[in-house]
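The values are calculated or read from the model by the stated rules, or taken from the named source; none is laboratory data. It should be emphasised that the depicted structure is a prediction, and the values quoted were computed from it without experimental measurement. With ideal geometry, Cβ positions are generated from the backbone for all residues, glycine too; neighbour counts draw on all protein chains shown.
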Amino acid sequence: MEENREKVLIVGIELDSDKIDIEDSLNELEELVEAAGGTVEARVIQRKDRINAATFIGTGKAEEIHSYCEDLEIDTVVFNDELSGAQLRNLEEIINRKIIDRTNLILDIFALRAVSREGKLQVKLAQLKYRLPRLVGFRDYLSREGAGIGTRGPGEQKLETDRRHILREINNIEKQLKDLEGVRDVKRKKRLSSQMPMVALVGYTNAGKSTLMNRLMVQKEGFDENKQVYVEDMLFASLDTAHRVGKLPNGQDYLLADTVGFVSKLPTKLVEAFKGTLEEVEYADLLLHVVDASNEDLDIQINTTMELLKDLNTVDKPIVTVFNKMDKLEESGLNIAGMETENPIYISAKNGNGIEELKHLIQDTLPLEYRRVKMLIPFDSQSVSSYLMNQYQVDDIEYTEEGTLFTLTINHIDYEKFNEYILK
Ligand SMILES: Nc1nc2c(ncn2[C@@H]2O[C@H](COP(=O)(O)OP(=O)(O)OP(=O)(O)O)[C@@H](O)[C@H]2O)c(=O)[nH]1
Ligand SMILES: [Mg+2]
């Protein structure tokens, strides 16, 4: 397997206006290349005050890269920024290798990871929309099978390179996605009518969101192994949203949603394509922003996530910042004290440290309003009575002719749900 890995050279431009350190950015690009099945053999950085419209980097630099590629037997050159069709073509002419940009690389990884039908369609749509304005820059090899990174559709499908076919395909996929949206809408309405508060896990890819989800679901009495979500030490392990029902310390049930991870310079087309899946974030009552505390780029990762959250209309939602992987912090030697974040908490999803505290913090931060009420539950509505007894601290119970009279404090969700029993 190892000897089949594509040999890659990565290229980054550092502009004066850049806020992110170029080495950090290329470290991440290297991880992305590995996630796509390549091996980075070399990196080239050019510092410039502006980009070259025709070749992105300077032509002299491009020629330099060509000779590196000859010496190192490089298969593919990956650029850290999105390139135009003309830039792709011009660079390929000089460098004489397959040229891939960061966007295409990320789309390629998503194509490898997509599992659900909707996920595959979303990725393919984003890939086709990426291709359409770049057809001039695409060479024959892109339509060949087995051409490697940047050429793979979901399920190793070959992607179209013919404009008319692409347009037809885009149309077709958009229709299919519309239908699936209807299905998702029904599911969401069902969840909303379950009246449970919804908590969404968000954050950078590989931060530990899915691990934390599994950890939060471990209840004392029995735990269904089959309900575990997929965890892996790789970028974009989760592409589909998963839901589970959990219990807070006060007995309140809540819905927890795991979502796709973020990465810097995430292609806007991809974010758009995944808006459907990311709806969970928009409907959530509370966001758990999971951060890998042991990652040296955690400030970039936090900022990237916060920026993407802004795009998703979530500015006014309460957030808990979950610094995860605290078990690795000492080894990493990082100092995370003094970082300014909303409601910080420090945990290890792996060994379980801080999980009980986190559950309490979720409970305290969930915007639930409580009201003290008197409720009269008829004797034939036994299930409501037992729900109230299980869910709440009941202050007073009286058995009357018409039913059981409870005095207790309930949250606004149950207030709506059991409105008919409440004595006004
Ligand atoms: N040491 C340590 N490793 C952890 C911890 N939490 C998660 N990990 C590891 O980090 C890796 C990524 O975990 P995931 O839960 O898949 O991360 P994710 O945020 O869901 O990632 P994506 O789905 O790719 O966005 C896995 O190898 C986990 O075992 C932790 O608290 N400590
Ligand atoms: Mg995950």
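Scanning the stretch 252-281 for residues that are assigned to a helix (DSSP H, G or I) and within 16 Å of ligand 1 (Cβ to nearest atom) returns Leu270, Val271, Thr277, Leu278, Glu280, Val281.
Give Val78, Val44 a once-over and let me know the one that is under 23 Å from Glu296 (Cα atoms) and not charged (D, E, K, R).
On the way: Val78 fails: under 23 Å from Glu296 (Cα atoms).
Result: Val44 is the single residue among Val78, Val44 that is under 23 Å from Glu296 (Cα atoms) and not charged (D, E, K, R).
Answer yes or no: is there a residue in the stretch 354-367 that is within 16 Å of ligand 2 (Cβ to nearest atom), touching a Lys or Arg at 6+ places or on another chain (Cβ under 7 Å) and within 20 Å of Asn206 (Cβ to Cβ). Show your work before the answer.
Of the residues in the stretch 354-367, the ones within 16 Å of ligand 2 (Cβ to nearest atom) are none.
Within the stretch 354-367, none of the residues are within 16 Å of ligand 2 (Cβ to nearest atom), touching a Lys or Arg at 6+ places or on another chain (Cβ under 7 Å) and within 20 Å of Asn206 (Cβ to Cβ).
Among residues of the stretch 203-241 being more than 11 Å from ligand 2 (Cβ to nearest atom) and modelled with pLDDT of 75 or more, the one that is surrounded by the fewest Cβ atoms within 10 Å (Cβ to Cβ) is Val218. Check off (1) buried (at least 18 other Cβ atoms within 10 Å of the Cβ); (2) acidic (Asp, Glu); (3) within 14 Å of Ile94 (Cα to Cα) for Glu28 and give me the number that stays unchecked. Exception for Glu28: condition (3).
Checking Glu398, Glu356 one by one, the residue that is in contact with a Leu (Cβ under 6 Å, 6 or more places away or on another chain) and at pLDDT 90 or above is Glu398 and no other. Checked against the criterion of being out of contact with any strand residue (DSSP E or B) (no Cβ under 7 Å at 6 or more places or on another chain), at pLDDT 95 or above, outside the structural domain of Thr241 (by TED's automatic domain parsing) and acidic (Asp, Glu), the stretch 47-66 has at least one qualifying residue. Applying the set (1) in contact with a strand residue (DSSP E or B) (Cβ under 9 Å, 6 or more places away or on another chain); (2) touching a residue at least 24 places away in the same chain (Cβ under 8 Å) to Ala86 leaves exactly one unmet item: (1). For the stretch 357-369, a residue qualifies if it is in contact with a strand residue (DSSP E or B) (Cβ under 7 Å, 6 or more places away or on another chain), surrounded by 14 or more Cβ atoms within 10 Å (Cβ to Cβ) and part of a helix (DSSP H, G or I), and the qualifying residues are Leu358, Leu361, Ile362, Thr365.
Quick check: is even one residue across the stretch 259-266 out of contact with any Ser or Thr (no Cβ under 7 Å at 6 or more places or on another chain), among the basic types (Lys, Arg) and without any contact (Cβ under 8 Å) to a residue 40 or more places away in the chain? So far as the stretch 259-266 goes, no, none of its residues is out of contact with any Ser or Thr (no Cβ under 7 Å at 6 or more places or on another chain), among the basic types (Lys, Arg) and without any contact (Cβ under 8 Å) to a residue 40 or more places away in the chain. Scanning the stretch 370-387 for residues that are part of a loop (DSSP other than H, G, I, E, B) and either in the same structural domain as Val291 (by TED's automatic domain parsing) or crowded, with 18+ Cβ neighbours inside 10 Å (or both) returns no hits. In the stretch 300-348, the qualifying residues are those that are in contact with a Ser or Thr (Cβ under 7 Å, 6 or more places away or on another chain) and basic (Lys, Arg), and the one that is farthest from ligand 2 (Cβ to nearest atom) is Lys328.
Is it fair to say Leu177 is in a helix (DSSP H, G or I) and either among the hydroxyl-bearing types (Ser, Thr, Tyr) or modelled with pLDDT under 75 (or both)? Give the steps one after another, and end with the answer.
Values: in a helix (DSSP H, G or I): yes; either among the hydroxyl-bearing types (Ser, Thr, Tyr) or modelled with pLDDT under 75 (or both): no.
For Leu177, the condition - in a helix (DSSP H, G or I) and either among the hydroxyl-bearing types (Ser, Thr, Tyr) or modelled with pLDDT under 75 (or both) - is not met.
Ile10 meets all of the listed conditions (1) among the hydrophobic types (A, V, I, L, M, F, W, C); (2) closer than 24 Å to Asn303 by Cβ; (3) not in a strand (DSSP E or B) but one, namely (3).
Being modelled with pLDDT under 90, within 20 Å of Lys247 (Cα to Cα), surrounded by 16 or more Cβ atoms within 10 Å (Cβ to Cβ) and aromatic (Phe, Trp, Tyr) is a property that Tyr392 has.
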